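A.B. asks: Sharing a structure with you now.
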Amino acid sequence: MKKKLMSAVMVCALGFVGCGDDDEGPTPPPATKFNTADSIRTYLEGKSMLMEGGNIPSHPNGFSEDVNYGSASQCYEKVLMTNSSGNFTVNSTLATIRADGCDHTASGSQSFTSTGVLIENVKEDASCFDITITFVGFKQVGRGMLSQDGKMLTLELYFEGQAVGATCAAGAVGASTVTLNKAPFTGNAKQVYTVSAGQ
């Protein structure tokens, strides 16, 4: 009898099948981590977001990195954003535009801190949300997405008043729905940031 009881215990311990209470039901799937504006803001608080190398798009803010727009040129070596008290500090390491295009070697820097970050219309899996980042003198507007593991933030941004169709209602991040300065936009404006603990 003792041997039979021990065998039953071992089967339950090793198999986890047919033993114990059957009324518990299946384990529910984990809740979506980033499904509201508040959950995204809370997660990004205190984090650093780095864009460099192949994660820099050909058309940051909708403008070719290979064209000299003077102080508005979009040629970068890297961009580091930090998030504190709900605002982004953007530290850009500038690069040089040469005859054959953007040379991603560092040549200078500039820094801006936002006065407001508005996140709206978040899809359940954070695969798209509308975002407006306000700085002194200008705004960036567009759409973004945050991976469910929280390691990758993608922002498709344009300067306010220049783009139409850059919302989640129009399409997914990077979708061909944007008209920029009254012409169809065909470039890549997706800025891809690796998210990490603050530094």
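The values are calculated or read from the model by the stated rules, or taken from the named source; none is laboratory data. Keep in mind that what you see is a predicted model, and the values were worked out from it rather than measured. Positions of Cβ are generated from backbone atoms using ideal geometry, with glycine treated the same way; all protein chains shown enter the neighbour counts. What goes into the accessible areas is simple: the full protein's heavy atoms, side chains included, and nothing from ligands, DNA or RNA. Shrake-Rupley method; radii C 1.70, N 1.55, O 1.52, S 1.80 Å.
A.B. asks: Just the residues that are under 23 Å from the mean Cα position of the chain (by Cα) and either of a type in the set (D, E, K, R) or open to solvent by 40 Å² or more (accessible area, probe 1.4 Å) (or both), please, taken from the stretch 88-98.
C.D. replies: Asn91, Leu94 - these are the residues of the stretch 88-98 that are under 23 Å from the mean Cα position of the chain (by Cα) and either of a type in the set (D, E, K, R) or open to solvent by 40 Å² or more (accessible area, probe 1.4 Å) (or both).
A.B. asks: Residues in the stretch 154-199 that are open to solvent by 30 Å² or more (accessible area, probe 1.4 Å), among the hydroxyl-bearing types (Ser, Thr, Tyr) and either in a loop (DSSP other than H, G, I, E, B) or free of Cβ contacts under 8 Å to residues at least 40 places away in the same chain (or both): how many?
C.D. replies: Residues that pass the stated criteria total 5.
A.B. asks: Here's another thing I want to ask about it. Out of the stretch 131-149, which residues are farther than 16 Å from Met51 by Cβ, of a type outside the set (Lys, Arg) and crowded, with 16+ Cβ neighbours inside 10 Å? Explain how you work it out, then say what you get.
C.D. replies: Let us first name the residues in the stretch 131-149 that are farther than 16 Å from Met51 by Cβ, namely 132, 134-139, 141, 143, 148-149.
From what is left, the residues that are of a type outside the set (Lys, Arg) are 132, 134-138, 141, 148-149.
Across the stretch 131-149, the qualifying residues are Thr132, Thr134, Val141.
A.B. asks: State whether one or more residues within the stretch 28-40 are at pLDDT 90 or above, outside any loop (DSSP other than H, G, I, E, B) and under 26 Å from Thr177 (Cα atoms).
C.D. replies: Checking the stretch 28-40: at least one residue is at pLDDT 90 or above, outside any loop (DSSP other than H, G, I, E, B) and under 26 Å from Thr177 (Cα atoms).
A.B. asks: Here is a further query. Which numbered condition trips up Asn55, out of (1) under 13 Å from the mean Cα position of the chain (by Cα); (2) at pLDDT below 95?
C.D. replies: That leaves (2) as the condition not met.
A.B. asks: Quick check, is Gly54 part of a strand (DSSP E or B) and not aliphatic (A, V, I, L, M)?
C.D. replies: No: the conditions fail for Gly54.
A.B. asks: Of the conditions (1) under 15 Å from Gly62 (Cα atoms); (2) in contact with a strand residue (DSSP E or B) (Cβ under 7 Å, 6 or more places away or on another chain), Gly187 clears all except one; give me its number.
C.D. replies: The number of the failed condition is (2).
A.B. asks: Being open to solvent by less than 40 Å² (accessible area, probe 1.4 Å) and farther than 10 Å from Ile97 by Cβ is the filter here, so list the residues in the stretch 67-81 that pass it.
C.D. replies: Selection gives Tyr76, Val79, Met81.
A.B. asks: What is the residue count in the stretch 42-66 for residues that are of a type outside the set (Asp, Glu), exposed (fewer than 14 other Cβ atoms within 10 Å of the Cβ) and at negative phi?
C.D. replies: Adding up the residues that qualify gives 2.
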